[in-house]
Every structure is written in C-alpha cells, then in structure tokens.
Amino acid sequence: MNKYIEKYWPLVSSILICIVILNLSGQYLDINSIANALNQNTVSICVTLLGFFLTILTIIQAIDNSAMRYIREVKEMSRIYHYLKRAIQFNAIATLSCLILGILNTNLLGDNLQYILNIIFIFIVLMALSTSVRFVYIFLSIIKSED
C-alpha cells in the first residue's frame, strides 16, 4: 500500500463520511439518532479493540517471521508502533466521548451545540474504527507472511 494512502486514508474517509452524513441530514438522516445508536454500541466495541491492541502491543516483539525481519531491517517498526498508538488513542477517545455524551444532559444544550457535538462524536467514532481497520490490516499482513 502506498505510504500516503496508508497514512491518510482513515482521516480522509472519516471526513468524507461525515460530509455525506451532513449533506443527508435533515432530509434522509437524523444526526441525533445516529449519534444515539453509535453511543449505545461504541463503548463495547472500542473497549474490546483497546484490549486487543494492548495485547498486540505486548506480543508484537515476539513475532519473528520474514515480514517482521524485513520491517526491522528497514527500520519501519516506528511506523507500525505509530499506527498502533493511533488506534489505541482514538479508541480510548471514542470510549471517553461515549461516556461523556452519556452523562451530559442534552436537554440543557442548545440544538446547535448538540448538533455540533454529535457530528464531532460521529467523526471520532469513524476515526477510531478506520485507524483500527488500518492497523489490523497491516498486522494481518505481517503475521500471514510465510518464512
């Protein structure tokens, strides 16, 4: 995968999906219902992914196949760790934002502020999922390589 595509596709895809949701909101989609549905499911998904990534963090050094040897030779382990760190960070942020949105009394917020918070929340969840997919794709490519 091209380095720039690999690096930026989670951000670009999350922005594009948010733009599509914004353009379809009001006519076909309700931002509040999307955010509520995401809020109900995101905590369990992101906490599971956090546990998976923390486990990977501990065992990634033990992997010794041709792909990992090559990655170590060309000194690209920092990129692998960076992608893993981003996945962990965005899943933690998504989990915390779910908890914060869950305890906020949205009735006291104005409609515009609630709308903005919901869009930001949707973007965070999309970033958490796309950074997770990026790392899992790279990790599976590493472990499936044959010696």
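The values are calculated or read from the model by the stated rules, or taken from the named source; none is laboratory data. Just so you know, these numbers come straight off a predicted model, no measurement behind them. Cβ atoms come from the backbone with ideal geometry, glycine included; neighbour counts cover every protein chain shown. Only protein heavy atoms, including side chains, enter the accessible area calculation; ligands, DNA and RNA are left aside. Shrake-Rupley method; radii C 1.70, N 1.55, O 1.52, S 1.80 Å.
With the contact rule set at Cα under 8 Å and sequence spacing of 6 or more, what percent relative contact order holds for the chain? Working shown, then result.
Values: 98 pairs, mean separation 62.3, N = 147.
Relative CO of the chain lands at 42 percent.
Round to the nearest 10 and give me the degree value, 0 to 90, for the angle of helix 111-143's Cα axis relative to the longest principal axis of the chain.
The helix 111-143 is inclined about 20 degrees to the chain.
What ratio of Cα Rg to 2.2 N^0.38 Å holds for region 1-67?
Working: Rg = 17.5 Å, N = 67, 2.2 N^0.38 = 10.9 Å.
Normalised Cα radius of gyration, region 1-67: 1.61.
Given the Cα-Cα distance of L108 and I15 and 0.36 nm per residue of separation, how much length would full extension add, in nm? Intermediate results must be reported in sequence, preceding the final value.
Values: separation 93, 0.36 × 93 = 33.48 nm, distance 2.82 nm.
Net length gain for the segment: 30.7 nm.
Taking the Cα centre of the chain as origin and charging only Cβ (+1 Lys, Arg; -1 Asp, Glu), how large is the dipole, in debye to the nearest 20? Show your work: numbers first, answer last.
Numbers: 10 positive and 8 negative charges, 78 e Å.
In debye, rounded to 20, the chain gives about 380.
Share of Cα-Cα pairs in the chain beyond 22 Å, in percent? Don't skip to the end; give the middle numbers.
Working: 5069 of 10731 pairs.
Every Cα pair in the chain considered, those over 22 Å come to 47 percent.
Hey, could you grab the Kirkwood Rh for region 30-101? Inverse mean 1/r over distinct alpha carbon pairs, Å, one decimal. Intermediate results must be reported in sequence, preceding the final value.
Numbers: mean 1/r = 0.0715 Å⁻¹.
Hydrodynamic radius (Kirkwood, Cα pairs) of region 30-101 is 14.0 Å.
What is the percent carbon and sulfur in the accessible area of the chain, measuring with a 1.4 Å probe over the protein chains and ignoring ligands?
Of all accessible area on the chain, carbon and sulfur atoms account for 65 percent.
Go through A92, S44, L113 and say which Cα lies farthest out towards the positive end of the charge dipole of the chain; charges sit on Cβ, +1 for Lys and Arg, -1 for Asp and Glu.
So the residue furthest toward the plus end is A92.
What whole-number value in Å² describes the accessible area per residue of region 39-100 for a 1.4 Å probe?
57 Å²
Between Y81 and L54, what is the spin-label point distance in nm, taking each point 7 Å from the Cα along the Cα→C-beta axis?
It is 1.9 nm.
Just to confirm the number: angle between the C-alpha axis of helix 3-24 and the first principal axis of the chain, 0 to 90 degrees, nearest 10?
Result, in degrees: 20.
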